[in-house]
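Visitor: Below is the structure I would like to discuss, written out as C-alpha cells.
The values are calculated or read from the model by the stated rules, or taken from the named source; none is laboratory data. Just so we're clear, the structure is a prediction, and the values are computed from it rather than from any experiment. Cβ: placed from backbone, ideal geometry, glycine included. Neighbour counts: every protein chain shown. To get the accessible areas, we keep the full protein, side chains included, count just its heavy atoms, and leave off ligands, DNA and RNA. Shrake-Rupley method; radii C 1.70, N 1.55, O 1.52, S 1.80 Å.
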Amino acid sequence: MLRGYVYSIDNEPLIGANIRVFDMQLGTQTNEKGQFELRLEEGLHRVSFSYLGLETQTIEFVVDKDLVQNIFLSPDSKALDEVVVRVKKRDYSYEVIQKVIENKDKILNQYENYACKTYVKATEEPSLKKPPKKDEDEDPYKSDSLPTLNFFEATINRFESKPDRLKEERTAVKKIGNQDGLFFTSITHGEFDLYQNLQKIERLSENSFISPISQLGYISYRYELLETYYEGTQAVYRIKVKPKELGNALYEGEIEVYDGIWVLKKVSLSLSPKALIIYDKFDFSQNFEKVDDRWIITKEAFNWQVKEGNTIYKGTTLVEQSEFVFDSVYAKKFFGPEVAKTTAEAYKKDSTFWENIRPIPLSSEERENIRKKELLDLKLNSKEYLDSIDAVYNKITFMKIAWSGIGKINRVKKNEWYFNSLPTLINPLALGGFRMNYGMFYRKRTENRKEFFVRPYLNYGFRNKDLLGSLDLQYLYNPIKRSRISASFGKGFDVINGAATISDIARRSNFYINTGLNINHRTELFNGFYLNTGVSLNERKDFTGFEFTKSGDNLFNGNNEPTYFPTNNKFATSIGFEYTPQQQYISEPNEKIILGSSFPTFRLDVNKAWGAHGTRNSNFTQLEMSLYQYFNVGILGTSEYRISAGKFLDTTLLAPMDYRYQRGGDPIWFSPSMYTFQLIPQTFATLDWYFESHYEHQFNGFLTSKIPLINKTGIRAVAGAGLLYVPESKYQYSELYFGINRVFKLGRNRFRLGVYNVTAQSNTFGVRNGFKFSFEPYNRDKNTWSF
C-alpha cells in the first residue's frame with residue numbers, strides 16, 4: 001500500500017492531483033485534503049505525480065507492505081501562462097474522456113464479427129394510483145382480473161459483423177398482450193453503440209444522437225468527475241454527462257470508465273423527451289465486460305414511460321448476452337437482407353422450457369399475469385368460448401340495424417360477414433339527387449394468413465331511375481411475397497381528374513359514368529423487386545340525358561355544369577416495376593416485415609391502351625419513371641426526395657380521364673410535398689415530357705431546440721423545395737418553402753401540425769407567396785409521417 005499527501009512548495013494540499021502507476025496501468029486522484037492511497041503489490045513501482053501548472057514528478061518506489069510518502073510539486077514555468085489565462089483547473093474527467101476517444105478505434109476494431117446467445121424480456125403495464133385488492137379465489141376470467149401486463153421474451157442467436165451487418169435467429173418467443181409499445185423485441189429496433197459517433201434509433205426518434213465519447217463530445221457535453229473508486233486494484237472513474245447547450249440529440253446521465261485501459265465499464269443515460277416520438281420518457285443502461293480480451297456489452301436495460309389518457313404505462317426491457325464467439329468464418333451470403341428470422345416452432349415453447357432457460361427470474365406479478373393469460377388463452381381459443389362470443393356478436397339488435405351495422409362471424413372457421421346499417425342506405429346529396437345504396441362484405445382468413453375478400457354494392461337513383469353497382473374481389477394468396485390479385489366489375493360514377501384540388505374534386509365537371517372490368521396483380525419476384533400488372537376494359541360516358549338537382553351548387557364558385565364528350569371505350573394493359581436494392585426484412589411465420597433500405601426505390605410504369613380500327617377506342621402509350629428515398633442526416637434531421645419524369649409515347653386517341661395532370665395548389669392546405677406543388681394556379685394536363693423533383697428536410701428540433709424560450713414550445717423547423725418543367729409548353733415552375741411544425745400526442749397516437757410560408761416563381765406568373773397549413777399522422781409501422 002502506497003499512501004501520502006501531495007503539496008505545493010507552499011505546503012498547500014493539492015486537490016485533484018493525478019497519480020499514475022506506469023507498470024500497473026493504475027491511477028487515482030487526491031481527495032479534498034490532498035491525500036491519496038494506492039493498493040500496490042510489493043516490489044518496485046514507477047509512479048508519476050502531476051498537477052496543472054506544476055512540474056510533474058516521476059519517482060520509483062520499492063513497496064514493502066505499507067509505505068507513506070508525501071510529495072511536493074514545484075511551479076512549472078512553461079505552464080504558468082496557461083494557468084494565468086485559464087485561472088480555473090479543468091475537471092480531470094475531460095482528460096479521461098479524451099483517453100477514451102483516443103482508444104475508440106481499438107475497441108471498434110477489436111473483432112471482425114461475433115456471435116452470442118441473447119435473452120430479452122420486455123414488460124409494460126399501467127401505473128395505477130390505487131392497486132385493487134388481490135383475491136385468491138378471484139375468477140381469472142372476470143374482466144376486472146384480466147392480465148394488464150404486456151409481455152415479451154425471447155432467446156436469440158445474435159450475429160454481428162463489420163461493418164454494421166446484423167442477423168438474429170429467434171429460437172423461442174413468448175408474447176402476451178399488446179406488443180406495439182414494447183422496445184427492443186428485436187435487435188433491428190436499433191443499438192446504442194456509444195463507441196460510434198452517432199446512434200440512429202429509428203424506433204425512438206427521427207434524430208441521431210451524439211455519443212458522449214464522440215469526436216463532437218467536447219462541443220456538445222459538459223463532464224464532471226463524480227468519484228474515483230476501485231474494483232479490486234482497478235481504478236474506475238464515474239463521470240456525469242450533461243448537454244453543454246440546448247439540444248434534443250444529446251444524452252444526459254453518467255458513464256463509468258476504467259482507468260489506464262480507457263474503456264467503458266457502465267453507462268446510465270436518458271434521452272431528451274423532445275427527441276422522442278412515441279414515448280414520453282426513455283432511458284437505458286449498459287454493462288461492459290471483458291470476454292476473450294474483448295470489451296463487449298453483456299447486459300442492457302431500457303426503461304420508458306408513455307401516457308395514454310389517464311393511465312401512465314411504464315415499461316422495461318432487460319437484455320443479457322452470453323456465450324460469445326469471436327471472428328468466426330461465415331458463408332458469403334450469411335449476412336444478407338434477411339436480418340431476423342423466427343420459425344413457427346419458436347412460438348410453441350411451453351412453460352417448462354422457459355423456466356429452465358430464464359437467466360432473469362420473473363417477478364411474482366409477472367408470474368401471476370402469465371398464469372392468468374395462459375388460463376385465459378386456453379379458454380379464449382376453445383371452440384365453446386369462441387362460439388359463445390360469436391353468438392353475442394352475431395345477435396341482431398336495434399342499435400346494430402340503426403347505427404353500427406350487422407355482423408356475423410365464425411372465429412373457428414375464420415370467416416366474417418358484414419351488412420351495412422340503415423343510415424348508409426340514404427344519400428341525399430349524391431349526383432342526380434336522392435339515391436339509395438347498400439353494401440356488404442365477406443372475408444375469409446386462413447391459419448397461414450391467406451385472405452379472401454368480396455364486397456358487392458348497389459346504388460339506385462330515384463330522379464334518373466338508374467341502377468349502379470359494383471362487385472370487388474381480393475385474394476391474398478402469398479402473404480410472404482405479398483402476392484395479391486384483385487378484380488372489380490360494375491357501373492358507377494368516376495372522376496376525370498383524380499389530382500384535382502379540394503375545391504374542384506367534387507365539381508360535376510370532374511365526373512363521368514364508368515362501366516367496366518379491372519383486374520390487377522402484385523407480387524414480389526425477388527427481394528425488393530415488385531411486379532405490378534393490370535388489364536382493364538371500360539366504357540366511359542358523359543352525363544347526356546342525366547338530370548341534376550341544385551343541391552350543393554352554392555358550395556362552388558361559378559357554374560357547376562358537367563363535362564360532355566363522345567362515349568369512349570378503353571382496353572388497356574399496365575405493367576410496373578418497383579425495386580429497392582438491399583431491402584432489409586424480418587421473416588416471421590407466414591409473414592415478411594419490410595424494414596427499408598439505405599438505397600432509393602426505383603419505379604417504372606408503362607400503360608398501354610389498345611385502339612381498334614374504326615371505333616372510338618383510347619389508343620395511347622404512357623411511360624412514367626420515378627426515384628424516391630427517405631433517409632436520416634444524423635443530428636441535422638431527416639430528408640426525403642422524389643424525382644420523376646414521364647411522357648406519352650403515343651397520343652393517337654386520348655380521353656380527358658387518360659391525361660397526366662399536374663395538380664394545382666389548394667388555397668390554404670399544404671398538400672403532400674412529394675407529389676404536388678403548392679402555388680401552381682390551377683391543375684393542368686401534360687401530354688408530352690414532364691420533369692419534376694421534390695425535396696424536404698425536417699430539422700426535428702436541430703435549430704429550434706437551441707433557441708431559449710422557443711425550445712420550450714416543442715416547435716420544429718422544416719424546409720423544402722420543388723421544381724417542375726414541361727417542355728411542350730415551355731412551362732417552368734419552382735418553389736421554396738420554410739415552416740414550423742409541432743407534434744401533438746393523443747394517447748399513443750402522434751399528429752404533426754404545421755404552418756408554412758411558400759415562395760414560388762414561374763415564367764407565367766412571376767413570383768408569388770402564400771401561407772399553408774398541414775396535418776400529418778405518424779405511421780408507427782413505417783416509422784414515418786404519412787397517412
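Visitor: Looking at Phe288, Phe284, which is the one that is closer than 22 Å to Glu153 by Cβ and modelled with pLDDT of 95 or more?
Guide: Phe284
Visitor: For Lys373, state whether it is in contact with a strand residue (DSSP E or B) (Cβ under 6 Å, 6 or more places away or on another chain), in a helix (DSSP H, G or I) and within 30 Å of Ala344 (Cβ to Cβ). Reasoning before the result, please.
Guide: Working: in contact with a strand residue (DSSP E or B) (Cβ under 6 Å, 6 or more places away or on another chain): yes; in a helix (DSSP H, G or I): yes; within 30 Å of Ala344 (Cβ to Cβ): yes.
Yes; evaluated as a whole, the condition is true for this residue.
Visitor: Take the residues in the range 654-665 that are assigned to a strand (DSSP E or B) and in contact (Cβ under 8 Å) with a residue 60 or more places away in the chain, then tell me which one is farthest from Ala760 (Cα to Cα). Give the derivation first.
Guide: Residues of the range 654-665 that are assigned to a strand (DSSP E or B), as a first pass: 660-662.
In the following step, the residues that additionally are in contact (Cβ under 8 Å) with a residue 60 or more places away in the chain were identified as 661-662.
Values: Tyr661: 19, Gln662: 16 Å.
Looking at residues that are assigned to a strand (DSSP E or B) and in contact (Cβ under 8 Å) with a residue 60 or more places away in the chain, I get Tyr661.
Visitor: Suppose we filter the range 187-200 for residues that are in a loop (DSSP other than H, G, I, E, B) and at pLDDT 90 or above; how many remain?
Guide: Count: 6.
Visitor: Just need a number here: residues in the range 666-676 that are open to solvent by 10 Å² or more (accessible area, probe 1.4 Å), in a loop (DSSP other than H, G, I, E, B) and either closer than 15 Å to Val755 by Cα or of a type in the set (Val, Ile, Thr) (or both).
Guide: The total comes to 6.
Visitor: Return yes or no: is Asn560 crowded, with 16+ Cβ neighbours inside 10 Å and modelled with pLDDT under 90? So that I can check it myself, show each step before the final result.
Guide: Details: crowded, with 16+ Cβ neighbours inside 10 Å: yes; modelled with pLDDT under 90: yes.
Spelling it out, Asn560 is indeed crowded, with 16+ Cβ neighbours inside 10 Å and modelled with pLDDT under 90.
Visitor: Here is a follow-up. Report, by residue number, each residue of the range 281-324 that is open to solvent by 60 Å² or more (accessible area, probe 1.4 Å) and not in a strand (DSSP E or B).
Guide: Answer for the range 281-324, where residues must be open to solvent by 60 Å² or more (accessible area, probe 1.4 Å) and not in a strand (DSSP E or B): Asp292, Asp293, Asn310.
Visitor: Taking the condition of being free of Cβ contacts under 8 Å to residues at least 40 places away in the same chain and of a type in the set (D, E, K, R), how many residues in the range 523-559 meet it?
Guide: Within the range 523-559, residues that are free of Cβ contacts under 8 Å to residues at least 40 places away in the same chain and of a type in the set (D, E, K, R) number 5.
Visitor: Quick check on my filter: what residues within the range 594-616 are modelled with pLDDT under 95, in contact with a helix residue (DSSP H, G or I) (Cβ under 9 Å, 6 or more places away or on another chain) and open to solvent by less than 60 Å² (accessible area, probe 1.4 Å)?
Guide: none
Visitor: Can you tell me which residue within the range 514-533, out of those that are over 32 Å from the mean Cα position of the chain (by Cα) and under 19 Å from Ile485 (Cβ atoms), is surrounded by the fewest Cβ atoms within 10 Å (Cβ to Cβ)?
Guide: So, considering only residues that are over 32 Å from the mean Cα position of the chain (by Cα) and under 19 Å from Ile485 (Cβ atoms), the one surrounded by the fewest Cβ atoms within 10 Å (Cβ to Cβ) is Leu517.
Visitor: Just the residues that are touching a Gly at 6+ places or on another chain (Cβ under 9 Å) and part of a strand (DSSP E or B), please, taken from the range 382-426.
Guide: Listed by number, the residues that qualify are Glu416, Trp417, Tyr418, Phe419.
Visitor: Let me ask something else about it. Can you confirm whether the range 47-64 contains a residue that is within 15 Å of Thr228 (Cα to Cα), of a type in the set (D, E, K, R) and in contact with a strand residue (DSSP E or B) (Cβ under 8 Å, 6 or more places away or on another chain)?
Guide: no
Visitor: If you go through the range 265-280, how many residues are part of a strand (DSSP E or B), open to solvent by 50 Å² or more (accessible area, probe 1.4 Å) and in contact (Cβ under 8 Å) with a residue 60 or more places away in the chain?
Guide: Qualifying residue count for the region: 0.
Visitor: Are there strands (runs of 3 or more DSSP E) fully within the range 677-735 with at least 2 residues that are modelled with pLDDT of 90 or more and closer than 20 Å to Gly634 by Cα? List them.
Guide: Where strands (runs of 3 or more DSSP E) fall fully within the range 677-735 and carry at least 2 residues being modelled with pLDDT of 90 or more and closer than 20 Å to Gly634 by Cα, they are 690-698, 716-726.
Visitor: Could you please find all residues in the range 181-201 being under 20 Å from the mean Cα position of the chain (by Cα) and of a type in the set (S, T, N, Q)?
Guide: Residues satisfying the conditions are Thr185, Ser186, Thr188, Gln199.
Visitor: Which of the residues that make up the range 1-10 are more than 22 Å from Ser93 (Cβ to Cβ) and either of a type in the set (Ser, Thr, Tyr) or in contact (Cβ under 8 Å) with a residue 24 or more places away in the chain (or both)?
Guide: Met1, Leu2, Arg3, Gly4, Tyr5, Tyr7, Ser8, Ile9
Visitor: Something else: Select from the range 202-216 the residues that are crowded, with 20+ Cβ neighbours inside 10 Å and within 16 Å of the chain's Cα centre (by Cα) and list them in ascending order.
Guide: Initially, the range 202-216 is screened for residues crowded, with 20+ Cβ neighbours inside 10 Å, giving 204-214.
Hits for the range 202-216 are Leu204, Ser205, Glu206, Asn207, Ser208, Phe209.
Visitor: Would you pick out the residues in the range 534-557 that are surrounded by 12 or more Cβ atoms within 10 Å (Cβ to Cβ) and hydrophobic (A, V, I, L, M, F, W, C)?
Guide: Val535, Leu537, Phe543, Phe546, Phe548, Phe556
Visitor: Report whether or not Tyr237 is open to solvent by 10 Å² or more (accessible area, probe 1.4 Å), farther than 28 Å from Ser328 by Cα and not acidic (Asp, Glu).
Guide: no
Visitor: Here's another thing I want to ask about it. With respect to Tyr661, is the statement that it is modelled with pLDDT of 90 or more, open to solvent by 50 Å² or more (accessible area, probe 1.4 Å) and not hydrophobic (A, V, I, L, M, F, W, C) true? Before the answer, list the steps.
Guide: Details: modelled with pLDDT of 90 or more: yes; open to solvent by 50 Å² or more (accessible area, probe 1.4 Å): no; not hydrophobic (A, V, I, L, M, F, W, C): yes.
For Tyr661, the condition - modelled with pLDDT of 90 or more, open to solvent by 50 Å² or more (accessible area, probe 1.4 Å) and not hydrophobic (A, V, I, L, M, F, W, C) - is not met.
Visitor: (1) among the β-branched types (Val, Ile, Thr); (2) outside any strand (DSSP E or B); (3) at pLDDT 90 or above: which one isn't true of Thr549, the others all being true?
Guide: Unmet for Thr549, out of (1) among the β-branched types (Val, Ile, Thr); (2) outside any strand (DSSP E or B); (3) at pLDDT 90 or above: (3).
Visitor: Looking only at the range 21-74, count how many residues are assigned to a strand (DSSP E or B), surrounded by 15 or more Cβ atoms within 10 Å (Cβ to Cβ) and touching a residue at least 40 places away in the same chain (Cβ under 8 Å).
Guide: Residues in the range 21-74 being assigned to a strand (DSSP E or B), surrounded by 15 or more Cβ atoms within 10 Å (Cβ to Cβ) and touching a residue at least 40 places away in the same chain (Cβ under 8 Å): 15 in total.
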